[in-house]
Amino acid sequence: MTAVIGYVSCQKNNSSDLASVNAAKTEGIKKGEPVNFSVQNISGLATKWSVSPAANVTLTSNGDKATVYFRKSGSYSVLADMGGSVQRIMVSVTDSSYCDSLRRDSICGFPTDTIPHNPGDTTRPDTTCKNCIPHDSTFALTYDHINITPIRIDTGGVSGLAIRATTRNYYACSFNNLLTGFSSANGSYYLAYPGVLVPGGCTSGPVRATSTRVLYPVTDGTHAFKVNVSGVIYTGSFTKAGTHYNFNWSDTSKVTISPLIIN
């Protein structure tokens, strides 16, 4: 009888461990759908998130919270390692796709850029012509402010960043686009935001303009990080050590980066 009681007690503890990771959903998950996970960490040590199997999965994490994108149907185990105490939860992904024309890449299957295509006609509407077809419009960011949110991407043991930029001001049309330029050389990264493109004839909104640029993979070391807003360049840097990132950004007059530290 004693042996049986001991076996049941052990099984109960394991069941508790399996339920200690919280998930927004565990069943009916679609391919490309972002699923949020969290864990209560009282160890005082940083939480390390992982997914098994790791193929066809993208994971972004921030402390005790993580978001996972599954690109293939099947069963997965999401694990949170807190210095030797490993908690996990099982999820099931269907063969349906979450991505459609209403969901842009910024929420549908990292890592993917969401830099819009700039059409040839970006002139302002001609208000003197009552019968003209509406033109697309491009608005400069002279009186706006860019908020940048860096998000860590961990895929298959390789780390990188998704740089999500959002305007402070609102612009017409729910499908407006924050125009974005990008270049990198010798470990330095350069982003340019010349303006906001508003499609002609679109009357929805207003909403803030946004875009996402993926830096992947990122090597360890210190990297120059420059942001051009409507022709004015702002300069800082960030340091990567493993999966840890630390931004050095002192001029917040036109560009704000938050969080500055990603563990």
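I'd like to know if region 211-223 contains one or more residues that are among the β-branched types (V, I, T), at pLDDT below 95, touching a strand residue (DSSP E or B) at 6+ places or on another chain (Cβ under 9 Å) and not in a loop (DSSP other than H, G, I, E, B).
Yes: region 211-223 contains one or more residues that are among the β-branched types (V, I, T), at pLDDT below 95, touching a strand residue (DSSP E or B) at 6+ places or on another chain (Cβ under 9 Å) and not in a loop (DSSP other than H, G, I, E, B).
For region 249-263, enumerate the residues that are in a loop (DSSP other than H, G, I, E, B), among the hydrophobic types (A, V, I, L, M, F, W, C) and under 15 Å from R164 (Cα atoms).
L260
Out of region 253-262, which residues are within 12 Å of I151 (Cα to Cα) and exposed (fewer than 15 other Cβ atoms within 10 Å of the Cβ)?
Residues satisfying the conditions are S258, P259, L260, I261.
Any residue at all in region 191-201 that's in a strand (DSSP E or B), touching a residue at least 60 places away in the same chain (Cβ under 8 Å) and more than 24 Å from Y69 (Cβ to Cβ)?
yes
State which residue is farthest from the chain's Cα centre (by Cα) when the search covers only region 41-61 and only residues that are outside any loop (DSSP other than H, G, I, E, B) and more than 17 Å from Y216 (Cα to Cα).
S52
If a residue has to be β-branched (V, I, T), over 18 Å from the mean Cα position of the chain (by Cα) and surrounded by 17 or more Cβ atoms within 10 Å (Cβ to Cβ) to count, how many in region 219-247 make the cut?
2
Kindly check whether there is at least one residue in region 68-91 that is surrounded by 20 or more Cβ atoms within 10 Å (Cβ to Cβ), without any contact (Cβ under 8 Å) to a residue 40 or more places away in the chain and within 17 Å of the chain's Cα centre (by Cα).
Checking region 68-91: at least one residue is surrounded by 20 or more Cβ atoms within 10 Å (Cβ to Cβ), without any contact (Cβ under 8 Å) to a residue 40 or more places away in the chain and within 17 Å of the chain's Cα centre (by Cα).
Identify, from the list S250, S183, the residue that is in the same structural domain as A162 (by TED's automatic domain parsing), exposed (fewer than 13 other Cβ atoms within 10 Å of the Cβ) and over 21 Å from D144 (Cβ atoms).
S183
R152 - would you say it is under 30 Å from S50 (Cβ atoms), touching a residue at least 40 places away in the same chain (Cβ under 8 Å) and out of contact with any Lys or Arg (no Cβ under 6 Å at 6 or more places or on another chain)?
yes
Sort out which residues of region 34-53 are surrounded by 14 or more Cβ atoms within 10 Å (Cβ to Cβ) and out of contact with any strand residue (DSSP E or B) (no Cβ under 7 Å at 6 or more places or on another chain), and write them in order of number.
Once the filter is applied, which keeps residues that are surrounded by 14 or more Cβ atoms within 10 Å (Cβ to Cβ) and out of contact with any strand residue (DSSP E or B) (no Cβ under 7 Å at 6 or more places or on another chain), region 34-53 yields only A46.
When you scan region 112-123, do you find a residue that is outside any loop (DSSP other than H, G, I, E, B) and either outside the structural domain of S50 (by TED's automatic domain parsing) or modelled with pLDDT under 55 (or both), even just one?
The first filter runs over region 112-123 and keeps only residues outside any loop (DSSP other than H, G, I, E, B), leaving none.
There is no residue in region 112-123 that is outside any loop (DSSP other than H, G, I, E, B) and either outside the structural domain of S50 (by TED's automatic domain parsing) or modelled with pLDDT under 55 (or both).
Tell me the residue from S230, S237 that is among the polar types (S, T, N, Q) and at positive phi, please.
S230
Of all residues being outside any strand (DSSP E or B) and buried (at least 21 other Cβ atoms within 10 Å of the Cβ) in region 146-178, which is farthest from the chain's Cα centre (by Cα)? Just the residue, please.
Selected residue: C173.
The values are calculated or read from the model by the stated rules, or taken from the named source; none is laboratory data. The structure presented is a predicted model; accordingly, all values stated were derived computationally and were not measured. When we count neighbours, we look across all protein chains shown, and the Cβ atoms used for this are built from the backbone with ideal geometry, even at glycine.
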